[in-house]
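The values are calculated or read from the model by the stated rules, or taken from the named source; none is laboratory data. On a predicted model such as this, the values are computed, not experimentally measured, just so you know. Cβ placement follows ideal geometry from the backbone for every residue including glycine, while neighbour counts extend to all protein chains displayed.
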Amino acid sequence: MAISETISGAGVPARNGRDVFFAVGIVIILAVLFLPIPAFLIDVGLAFSIAISVLILMVALWIQRPLDFSSFPTILLIATMLRLSLNIATTRMILSHGNEGTHAAGYVISGFSNLVMSGDFVIGLIVFLILIVVNFIVITKGATRIAEVGARFTLDAIPGKQMSIDADLSAGMIDDKTAQLRRRELEEESSFFGSMDGASKFVRGDAIAGLMITAINIVGGIAIGYFRHDMGMGEAADVFIKLSVGDGLVTQIPALIVSLAAGLLVSKGGTRGSADQAVFGQLGAYPRALYVAAGLLFLLSLVPGLPMLPFLSLAVAMAALGYFIPMQHKRRMAEVDAEREQVKADKVEEEKNSVKASLATAEIELLIGKQLSTRLLATHQELAFRMSKMRKKFATQYGFVVPEVRMTDDFSIPPKSYQIKVHGTVVAEYQMRVGEIMVLLGSRDLPDIPGEEVREPAFGMRAFSVLDSFAEDLKREQFTFADNMSVLLTHLSEVIRNNLPQLLSYKDMKALLERQDPEYRKLADEICTSHITYPGLQAVLKLLLAERVSIRNLHLIIEAIAEISPHVRRTEQIVEHVRIRMAQQICGDLSEGGVLKVLRLGNRWDLAFHQSLKRDAKGEVREFDIDPRQLEEFGQEASKAIRTHLETGERFVIVTAPDARPYVRMIIERLFPTLPVLSHVEIAKGVELRVLGTVS
């Protein structure tokens with residue numbers, strides 16, 4: 001790795017004199033080409049060549065990806081020059097002192113010749129030729145082809161990868177620093193595979209040079225021994241062939257190791273991880289393949305004439321691997337999941353205790369007092385379940401998912417009380433009578449049971465609180481009653497319903513648009529880029545929800561906005577047009593049994609509201625100007641008429657003129673927030689009307 005670090009650090013001043021040491025090493029390699037060196041130094045050089053080759057192979061095995069060894073082409077050139085210079089030095093030594101015996105060129109060559117050839121130069125020559133064939137035809141040729149194809153495809157893919165980086169940067173998925181790192185990695189990848197394509201030619205040339213040098217050593221050595229040193233032809237052939245083949249073996253073995261390293265490096269491709277992880281991880285990832293291989297080996301062990309022990313041993317080993325590998329994989333995945341959960345829990349705990357966490361507020365929060373929390377402690381799970389069902393009901397009814405309700409035990413509020421917060425602000429609170437049930441009276445008289453008259457928190461209805469032990473008596477008298485949890489959930493539900501506009505966030509609105517069909521997403525993009533904005537579209541949805549009009553048919557709302565938005569800009573005018581287009585849905589949601597009960601404004605108030613609307617030159621309503629005394633009188637008359645019908649438990653709507661509807665609604669909602677106000681044009685065709693009376 002020191003060599004890799006030195007080479008890859010070109011242009012950066014090396015520390016501790018490594019640049020001088022490296023330059024001196026290159027000069028020594030070049031000097032060996034020309035200067036004679038003693039046999040001892042040749043032994044040192046050959047041993048160093050073998051060590052460097054093994055080091056290169058080990059690094060190629062353990063790197064995570066090919067680019068981690070980007071200096072390999074340079075190292076390969078230096079290693080090749082080192083072997084060739086040593087080859088020339090040994091050739092000089094063999095031809096000069098070969099007549100002295102097999103130790104003339106050093107003990108490394110002599111040792112390899114005795115070890116591999118077993119004293120017979122014919123065996124050594126055959127082994128040498130086989131190594132040449134393996135290195136030149138098999139490993140080097142395959143590695144060269146892989147490097148060539150890899151370089152071609154890498155260079156062809158550069159424009160597409162560059163465009164992908166630019167697109168990610170433009171979309172905000174990565175920052176400038178990450179984009180620079182990815183571009184630099186792309187440049188290094190293209191340079192590496194291009195260099196590997198050329199560097200593989202070093203290995204091929206090294207193999208050819210080794211074969212030619214060995215042949216020259218054999219022919220030249222025999223000629224020199226026979227003609228100059230008066231050796232017999234047989235004696236000269238025996239000595240010089242042993243020396244030449246030993247020299248070739250010492251040279252080709254490191255060359256074969258480096259060729260294997262090059263093949264491993266270019267064949268990794270896009271595989272990440274060290275070679276052992278890639279090979280064993282993928283071979284062992286399919287236990288059924290191991291079982292099939294084990295079965296085949298077991299059958300081969302039963303074939304007559306074949307040795308049973310090797311095949312049977314391998315069959316047992318593969319079957320054991322097929323059994324243990326899935327167990328180990330499950331254990332490893334469990335450890336990874338546990339570690340991931342621990343990291344997530346630590347992160348949540350850290351965020352919970354951080355300063356930022358104290359700034360974050362829940363969209364909906366339910367704070368429960370100490371005594372009330374203790375009372376509901378056994379039913380917390382049921383409370384959470386019923387809240388989940390309530391959210392599903394809201395999603396079905398109004399067309400979007402309201403945020404989750406965060407429950408918190410708060411000992412700072414009265415012990416029997418609860419508070420409901422929306423975006424961190426208390427919007428409702430109530431002191432519960434713990435252990436009692438609430439009888440809903442309506443217009444009925446008080447039951448003949450000890451208790452206290454109270455007001456129901458959600459709708460302000462008359463109620464009577466009694467001990468829950470009187471539940472059976474109330475059932476016999478056919479009274480409607482609710483326990484503490486039902487009262488709390490009903491109140492929470494009504495608070496959420498009254499705050500639907502505040503709970504529809506911009507993110508929720510975008511999520512609703514993403515769930516639409518592609519045609520409607522495109523239509524929404526068109527109207528939000530040319531006529532209104534996305535916040536403007538959100539404002540339209542908020543105004544609809546403020547009057548409890550469901551936005552579940554969002555595609556119809558988008559169509560209606562697309563019709564009117566080119567002509568008007570005011571959000572209120574757009575909402576009125578959308579309501580007309582959604583008349584069928586509105587009337588269907590407000591009717592009972594197909595009958596819509598209505599309370600009309602009298603002619604007097606229709607005329608009064610019409611005269612109070614001030615218009616501009618285009619006829620559009622500019623302002624609403626009504627006499628305060630007249631407004632107060634309308635409120636009194638409307639309250640009297642509305643309360644008469646509310647006390648009977650009827651569900652009805654108020655109907656008025658289209659241009660006055662927003663202003664009538666503005667007045668009515670301050671007196672009766674949940675009472676719908678429709679215009680005449682919002683009454684859908686085919687709806688049966690039942691007029692309850694008039695406000696007059």
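A search for C-beta distances below 7 Å between a residue of segment 228-246 that is assigned by TED's automatic domain parsing to the domain that holds Met93 and any residue that is loosely packed, with under 13 Cβ neighbours inside 10 Å and in a loop (DSSP other than H, G, I, E, B), counting only pairs 6+ apart in sequence or on different chains, returns Val239/Gly101.
Pairs meeting the criteria (first residue in segment 667-684 and within 13 Å of Thr656 (Cα to Cα), second residue part of a strand (DSSP E or B), beta carbons under 6 Å, at least 6 apart or on different chains) are Ile668/Val677; Pro676/Val653; Val677/Ile654; Leu678/Val653; Leu678/Val655.
Of the residues making up segment 652-672, those that are loosely packed, with under 14 Cβ neighbours inside 10 Å and of a type outside the set (A, V, I, L, M, F, W, C) number 1. Residue count for segment 475-501 satisfying the condition of being more than 20 Å from Arg375 (Cβ to Cβ) and touching a strand residue (DSSP E or B) at 6+ places or on another chain (Cβ under 6 Å): 4. The residue list Ile642, Ile586 contains one member that is at pLDDT 90 or above and under 21 Å from Val664 (Cα atoms), which is Ile586. Among the residues making up segment 362-386, those that are within 13 Å of Ser412 (Cβ to Cβ) and crowded, with 17+ Cβ neighbours inside 10 Å are Leu367, Ile368, Gly369, Ser373.
Of the residues in segment 319-334, not one is assigned to a helix (DSSP H, G or I), under 30 Å from Asn499 (Cβ atoms), at pLDDT below 85 and of a type in the set (A, V, I, L, M, F, W, C).
Only one of the listed residues (Thr425, Thr490) is surrounded by fewer than 17 Cβ atoms within 10 Å (Cβ to Cβ) and on the phi < 0 side of the Ramachandran plot. That residue is Thr425. Residues in segment 549-581 that are modelled with pLDDT of 90 or more, assigned to a loop (DSSP other than H, G, I, E, B) and surrounded by 18 or more Cβ atoms within 10 Å (Cβ to Cβ): Val549, Ser550, Ile551. Being modelled with pLDDT of 85 or more, loosely packed, with under 14 Cβ neighbours inside 10 Å and within 38 Å of the chain's Cα centre (by Cα) is the requirement here; does Lys392 meet it? Yes.
One residue alone among Ala104, Ala143, Ala79 is assigned by TED's automatic domain parsing to the domain that holds Ala207, in a helix (DSSP H, G or I) and modelled with pLDDT under 70, and that residue is Ala143.
One residue is enough: does segment 454-470 have a residue meeting the conditions part of a helix (DSSP H, G or I), in contact (Cβ under 8 Å) with a residue 40 or more places away in the chain and more than 35 Å from the chain's Cα centre (by Cα)? No, every residue in segment 454-470 fails to be part of a helix (DSSP H, G or I), in contact (Cβ under 8 Å) with a residue 40 or more places away in the chain and more than 35 Å from the chain's Cα centre (by Cα).
Does segment 409-430 include one or more residues that are modelled with pLDDT under 85 and in contact with a Leu (Cβ under 7 Å, 6 or more places away or on another chain)? Yes, some residue in segment 409-430 is modelled with pLDDT under 85 and in contact with a Leu (Cβ under 7 Å, 6 or more places away or on another chain).
Against the test of being under 50 Å from the mean Cα position of the chain (by Cα) and hydrophobic (A, V, I, L, M, F, W, C), the options Leu601, Leu678, Leu631 yield a single qualifying residue, Leu678. Taking segment 548-573 as the range and being over 39 Å from the mean Cα position of the chain (by Cα) and either among the basic types (Lys, Arg) or within 19 Å of Phe400 (Cβ to Cβ) (or both) as the test, the residues that pass are Arg569, Arg570. Among Val540, Val487, Val495, which is part of a helix (DSSP H, G or I), out of contact with any helix residue (DSSP H, G or I) (no Cβ under 8 Å at 6 or more places or on another chain) and under 30 Å from Val578 (Cβ atoms)? Going through Val540, Val487, Val495 in turn, just one is part of a helix (DSSP H, G or I), out of contact with any helix residue (DSSP H, G or I) (no Cβ under 8 Å at 6 or more places or on another chain) and under 30 Å from Val578 (Cβ atoms): Val495. Looking across segment 409-422 at every residue that is in a strand (DSSP E or B) and among the polar types (S, T, N, Q), the one that is surrounded by the most Cβ atoms within 10 Å (Cβ to Cβ) is identified as Gln419.
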